[in-house]
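There's a structure below that I have some questions on.
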Amino acid sequence: MRFKIRLFFAILVFCSVSGLLSSMIIPAQERTIRMMVSACDGLLLLMALLSTWRNRNSYVVWSLMVFLLISTITFVYTSDRFGVLEHLNGLREPLFFFSSLVVVFDLYHSRYQELFIRWFTRFLFVFAVVQIPLAVIQFLKFGAGDGVGGTYGIAGGSGYLTQILFLISFFLAVRYASLEDGSHFSIRKIPFFLVLLIPCAINETKVSFVLLAAFILLVAGSRKRILRTIPLLALGVGLVVLLNYYYSTTVEDTSYILDQKYIEGYLLTQRTGAGGDLPRFQRFLLMFGVMANDVGSILLGMGYGVFGGGNILGISRLGRSLYYLVEGSRILLFRVWIQGGVVAVLTFAFAMFAWLRVKTNHYPTMRKFYWFLAFSLLLSWFYNEAMIDRTFAPVSIFFMMWIADGGGVSEPAEEQDTDFPEGLPDEAA
């Protein structure tokens, strides 16, 4: 099991820096790096399959098995469009999510749980800290935009980076800035974790405003501690004002972002980017037009080969004809639906949110993280494809397991606002 933990973190670390390697450090080796990522996909799937029997009664294994079954049915239905290699290549990214689900569950609930939690926490802290100098360098060189992706590199990924840093910052705040009774956050410690959000302030992601608002409301909100809430809320409002000023100065004016016509154009009609990137929700209208009321395509999708190819394998004929649909900014709901249909959407949704059903005695600060994680995962369905990203997926799944397990805490200790919370998960780890 220790070897599995080491192998898992080797895969996670490599995947987390592969974008930086291929876009900034050794771009000439991009093809080699992509092949190594593919090898990581295969290794993680093998680890998942080897642990299925041990976890056969868990929802994570059932989710993987159901996905393999329905994706096979989709392949049979679309076999006249895609070959086996095209299908398997397109299957890699969604399958990485389900493999991560099984592997993280297996490692988390092993007898090495404490070691796993400790290693994962260290990885998250180092990952978040490293993003700050990288983001600053990328900002100075390329300006605000997708080029500020930290370890995701400069070829897009700023949105993923923003989402994962907010989750990491909240997680670390729960572990190290909770009061002893777990009722609220320490006013003195929270600013240290807000520093980790610096990269979110110097890229151009509009989702930062949404996540920051949710972050501040949850961190500062407390019906029992109104006086303690005021300084945190004031800090949050100050951050929102600074972010708004910086964004308006360096990127674009934010005064019209909530305008109805702007929202409609951004989501449905107005092409963006140099290549005329399609708006996120306009893709659905075009997708249904391509499906042409074919019930089979709506239920089972158009095949996983739609997104595969172009780097290692060639693009299929149908993939080339639908390239205008799949290039640029996409959202998880669109990707899952066009590939695997409604049945894939339902399977993904169950796998992503089954942890919400777990009845655990959460202390208040962890409960806030529970809601923030749920909000972030729901947001990913309509904002981007973060949940099939090879870094975001295992990190988010770890948070699911940690919350479902209650963080290893049974009863909170007496309140004290001076030391790190005694009895919180770090001690358990």
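Can you name every residue in the range 111-164 that is surrounded by 20 or more Cβ atoms within 10 Å (Cβ to Cβ), β-branched (Val, Ile, Thr) and either free of Cβ contacts under 8 Å to residues at least 12 places away in the same chain or closer than 30 Å to residue 405 by Cβ (or both)?
117, 121, 151, 162, 164
Still on this structure: For the range 46-104, which positions are touching a residue at least 24 places away in the same chain (Cβ under 8 Å), among the polar types (S, T, N, Q) and farther than 24 Å from residue 299 by Cβ?
51, 52, 55, 58, 99, 100
Consider residue 387 carefully, then state whether it is at pLDDT 90 or above, more than 30 Å from residue 155 (Cα to Cα), aliphatic (A, V, I, L, M) and under 18 Å from the mean Cα position of the chain (by Cα).
Judged against the criteria, residue 387 is not a match.
Let me ask something else about it. Mind telling me which of the residues 367, 335 ends up being under 26 Å from residue 181 (Cβ atoms), assigned to a helix (DSSP H, G or I) and charged (D, E, K, R)?
On the way: 335 fails: under 26 Å from residue 181 (Cβ atoms).
Only one candidate passes the filter, namely 367.
Yes or no: residue 52 among the hydroxyl-bearing types (Ser, Thr, Tyr) and not in a helix (DSSP H, G or I)?
On the way: among the hydroxyl-bearing types (Ser, Thr, Tyr): yes; not in a helix (DSSP H, G or I): yes.
Yes; evaluated as a whole, the condition is true for this residue.
Go through 328, 319, 308 for me and flag whichever is at pLDDT below 70, under 20 Å from residue 83 (Cα atoms) and part of a loop (DSSP other than H, G, I, E, B). It would help to see each step written out before you state the result.
Values: 328 fails: under 20 Å from residue 83 (Cα atoms); 319 fails: part of a loop (DSSP other than H, G, I, E, B).
None of the others qualify; the one that does is 308.
Scan the range 365-404 for residues that are without any contact (Cβ under 8 Å) to a residue 40 or more places away in the chain and of a type in the set (A, V, I, L, M) and jot them down. Spell out how you get there, then give the answer.
Looking only at the range 365-404, we keep the residues that are without any contact (Cβ under 8 Å) to a residue 40 or more places away in the chain, and these are 367, 370, 374, 377-378.
Of everything in the range 365-404, those that are without any contact (Cβ under 8 Å) to a residue 40 or more places away in the chain and of a type in the set (A, V, I, L, M) turn out to be 374, 377, 378.
Residue by residue through the range 177-207, note down the ones that are buried (at least 19 other Cβ atoms within 10 Å of the Cβ) and within 12 Å of residue 125 (Cβ to Cβ).
Of everything in the range 177-207, those that are buried (at least 19 other Cβ atoms within 10 Å of the Cβ) and within 12 Å of residue 125 (Cβ to Cβ) turn out to be 193, 196.
What are the residues in the range 323-359 that are in contact with a Lys or Arg (Cβ under 6 Å, 6 or more places away or on another chain) and closer than 26 Å to residue 401 by Cα, if any?
Scanning the range 323-359 gives a single hit, 331.
Something else about it: Does at least one position in the range 408-428 carry a residue that is at pLDDT 50 or above and not in a loop (DSSP other than H, G, I, E, B)?
yes
Specify which of the listed residues (37, 76, 61, 17) is among the β-branched types (Val, Ile, Thr), surrounded by fewer than 16 Cβ atoms within 10 Å (Cβ to Cβ) and in a helix (DSSP H, G or I). Explain how you work it out, then say what you get.
On the way: 37 fails: surrounded by fewer than 16 Cβ atoms within 10 Å (Cβ to Cβ); 61 fails: surrounded by fewer than 16 Cβ atoms within 10 Å (Cβ to Cβ); 17 fails: surrounded by fewer than 16 Cβ atoms within 10 Å (Cβ to Cβ).
None of the others qualify; the one that does is 76.
Within the range 79-88, is there a residue that is buried (at least 20 other Cβ atoms within 10 Å of the Cβ), assigned to a loop (DSSP other than H, G, I, E, B) and not aliphatic (A, V, I, L, M)?
Looking only at the range 79-88, we keep the residues that are buried (at least 20 other Cβ atoms within 10 Å of the Cβ), and these are 82, 86-87.
Keeping just the survivors that are assigned to a loop (DSSP other than H, G, I, E, B) gives 82.
Still in the list and also not aliphatic (A, V, I, L, M): 82.
Scanning the range 79-88 turns up at least one residue that is buried (at least 20 other Cβ atoms within 10 Å of the Cβ), assigned to a loop (DSSP other than H, G, I, E, B) and not aliphatic (A, V, I, L, M).
Please enumerate the residues belonging to the range 20-32 that are within 21 Å of the chain's Cα centre (by Cα) and either more than 23 Å from residue 122 (Cβ to Cβ) or surrounded by fewer than 16 Cβ atoms within 10 Å (Cβ to Cβ) (or both). Outline the logic, then answer.
First, the residues of the range 20-32 that are within 21 Å of the chain's Cα centre (by Cα): 20-23.
Listed by number, the residues that qualify are 22, 23.
Can you name the residue in the range 46-57 that is crowded, with 18+ Cβ neighbours inside 10 Å and at pLDDT below 95 and, of all such residues, is nearest to residue 89 (Cα to Cα)?
Pass one, the range 46-57, residues crowded, with 18+ Cβ neighbours inside 10 Å: 47-48, 51, 55.
So of that shortlist, the ones also at pLDDT below 95 come out as 51, 55.
Details: 51: 23, 55: 27 Å.
Checking each candidate, the answer is 51.
The values are calculated or read from the model by the stated rules, or taken from the named source; none is laboratory data. Values in this document were obtained by computation on a predicted structure and should not be read as measured data. Reconstructed Cβ throughout: ideal geometry from the backbone, glycine too, with neighbour counts over all protein chains shown.
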